[in-house]
Amino acid sequence: MAKIDFGGVIEDVVTDEEFPLEKARETLANEKVAVLGYGVQGPAQSLNMRDNGINVIVGQRKEEKVYWDKAINDGFKPGETLFPLEEAAEKGTIIQYLISDAGQMVTWPKIKECLKQGDALYFSHGFSIVYKDQTGVIPPDNIDVIMVAPKGSGRTVRSNFLEGSGINSSYAVFQDYTGRAKERTLALGVAIGSGYLFPTTFANEVYSDLVGERGVLMGCLAGVMEAQYHILRTHGHSPSESFNETVEELTQSLIRLVAENGMDWMYANTSTTAQRGALDWRHRFRGAVTPLFDELYNSVVSGEETRIVLEANSAPDYRERLQEELDEIRTSEMWRAGAAVRSLRPERRKMR
Ligand SMILES: NC(=O)c1ccc[n+]([C@@H]2O[C@H](COP(=O)([O-])OP(=O)(O)OC[C@H]3O[C@@H](n4cnc5c(N)ncnc54)[C@H](OP(=O)(O)O)[C@@H]3O)[C@@H](O)[C@H]2O)c1
């Protein structure tokens, strides 16, 4: 493993020098990988593995035609490489559990019956295992339980692979029955198209993931954007001005520069007026939201967040209620203003 210095803390990272694709192919040569679920991660991981020469079959509920047909369109053949969930699970030696987290809880009693001694049960999220008291997903002792969690959407897992780059993933071993669990994990990580592989635990992966998406990545981002927009509107600024100064400049310019060069560079390359104020207000905002992040972390670790997710996602009218919430955002003045601002992006003018 390579030792990499992350801001003064040395961490292990697996690179393709230690674990090249050829080694992954050798490690998986006698395995049949059954990918259960053909939603978002399922197609990406199974197609990447297939293209990498791994023996892959797909398991998908047949009654839900959309994903079943999608697998057929992608070249999986019913009865040969595409099966109903349980049949695929029985045929595989590595079972990649890539149906939704709520779906894993529902299907577990049947999938558990299909697992054979020495199989590996693979996850892309620590959810089902870490919150086993809520999900009931308690694997038998005579299998490996492993994880590779790509750090991005399944769509990026596939598109980066096709571009020839890859995506970074974290990996963990929860249970090593065969003594080969780590080798299997790293081989699968490479085979699904990971660039670099970072060690983690099931618990750390799910805690950081749940905090991140509720926090800066989405919940916090949406919340602070709304707060700033509304304050600007309250003080008489137009919708377009409020949206431009809150969202558009961020997504079209600043965040891309931060991604490229880091935050200090951003501060150094802005006006001195922006620089002084932003450097000072950074401390105020950090102070204001730290207690909220603390509350969020505790809510994740205590299982309250997953309790809410499992309860909400299992409700029969979940999709309708979700749509109502999304409609409320879409039809709000702020995001309607956003749609108008987006339509006026100069590059769109060139395309007309
Ligand atoms: N989305 C991502 O980019 C991403 C990123 C990193 C990790 N992950 C993890 O990867 C795993 C898969 O997530 P995903 O987003 O790819 O899946 P998803 O889109 O949430 O789930 C879709 C799949 O789950 C199946 N499914 C849902 N409920 C089911 C049930 N009750 N019985 C049988 N099948 C059911 C669907 O089939 P039907 O058509 O039959 O419902 C479909 O195959 C999760 O553990 C997730 O946390 C996802």
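Details
- Divide the volume of the convex hull around the Cα atoms of segment 154-274 by the residue count and you get 143 Å³ per residue.
- The chain, Rg to Rh (Cα coordinates; Rh as Kirkwood inverse mean 1/r): 1.00
- The equivalent ellipsoid that matches the C-alpha gyration tensor of segment 1-51 spans semi-axes of 29, 17, 8 angstrom, in descending order.
- Normalised by 2.2 N^0.38 Å, where N is the number of residues, the alpha-carbon radius of gyration of segment 284-352 equals 1.71.
- Each of Ile95, Val148, Ala29 was placed along the dipole of segment 1-154 (beta-carbon charges, centred on the mean Cα), and the one lying farthest toward the positive end is Ile95.
- Taking Cα centre as origin and charging only the Cβ of basic (Lys, Arg, +1) and acidic (Asp, Glu, -1) residues, the dipole magnitude of the chain rounds to 940 debye.
- Spherically averaged projected area of the convex hull of Cα atoms, segment 234-283: 4.2 nm².
- Taking label positions 7 Å along the Cα-Cβ direction at both Thr270 and Val13, the computed distance is 2.7 nm, reported to one decimal.
- For segment 165-221, averaging the sequence separation of C-alpha pairs within contact (under 8 Å, six or more residues apart) and dividing by the residue count gives a relative contact order of 39 percent.
- For segment 211-352, the dipole from Cβ point charges (+1 on Lys and Arg, -1 on Asp and Glu) about the Cα centre works out to 760 debye, to the nearest 20.
- Stokes-Einstein diffusion coefficient of segment 89-221, Kirkwood radius over Cα pairs, 25 °C, 0.890 mPa s, in µm²/s: 160
- Both radii were evaluated on the Cα set of segment 231-352; the Rg over Rh quotient, with Rh as the Kirkwood radius, amounts to 1.05.
- Extension reserve of the Lys32-Ala288 stretch, reckoned as 0.36 nm per residue once the Cα distance is removed: 87.0 nm
- The residues of segment 209-349 present an accessible area of 69 Å² per residue when probed at 1.4 Å with all protein chains retained.
- Of Lys3/Lys132; Lys70/Lys91; Lys77/Lys182, pairs whose Cα-Cα distance is over 26 Å: Lys3/Lys132; Lys77/Lys182
- Accessible area, probe 1.4 Å, largest first, for residues Phe174, Phe76: Phe174, Phe76
- Paramagnetic reach from Gln252 (point 7 Å along Cα→Cβ, amide N under 14 Å) across segment 323-352: 337-351
- Heavy-atom accessible surface of the chain: percent carbon and sulfur, 1.4 Å: 54
- Our summary gives segment 84-179 a relative contact order of 25 percent, counting only alpha carbon pairs under 8 angstrom and 6 or more residues apart.
- Cα→Cβ-extended label distance, 7 Å offset, between Glu87 and Glu22, nm: 3.8
- Difference of contour (0.36 nm per residue) and Cα-Cα distance, Asp176 to Ser343: 54.8 nm
- Each Lys or Arg adds one and each Asp or Glu subtracts one; over the other residues with Cβ under 14 Å from the Cβ of Lys182, this totals -2.
- Residues considered: Val206, Val289, Val148. Largest GNM mean-square fluctuation over the chain, using C-alpha springs under 10 Å, is found at Val289.
- Gap separating the Cα centres of segment 166-183 and segment 82-155, nearest whole Å: 14
- With contacts taken as Cα pairs under 8 Å at a separation of at least 6 residues, the chain carries a relative contact order of 14 percent.
- Chain lengthening between Glu80 and Glu328 when straightened (0.36 nm per residue, less Cα-Cα): 84.8 nm
- Local electrostatic count at Gly212 - Lys and Arg +1, Asp and Glu -1, tallied over other residues with Cβ under 13 Å: -2
- Segment 1-151: C-alpha pair distances exceeding 18 Å, %: 60
The values are calculated or read from the model by the stated rules, or taken from the named source; none is laboratory data. This structure is a prediction, so every number in the text was calculated from the model and none was measured. As a convention, Cβ positions derive from the backbone with ideal geometry for all residues, glycine included, and neighbour counts pool all protein chains shown. For the accessible areas, the whole protein counts, side chains as well, though only heavy atoms, and no ligand, DNA or RNA atoms are used. Shrake-Rupley method; radii C 1.70, N 1.55, O 1.52, S 1.80 Å.
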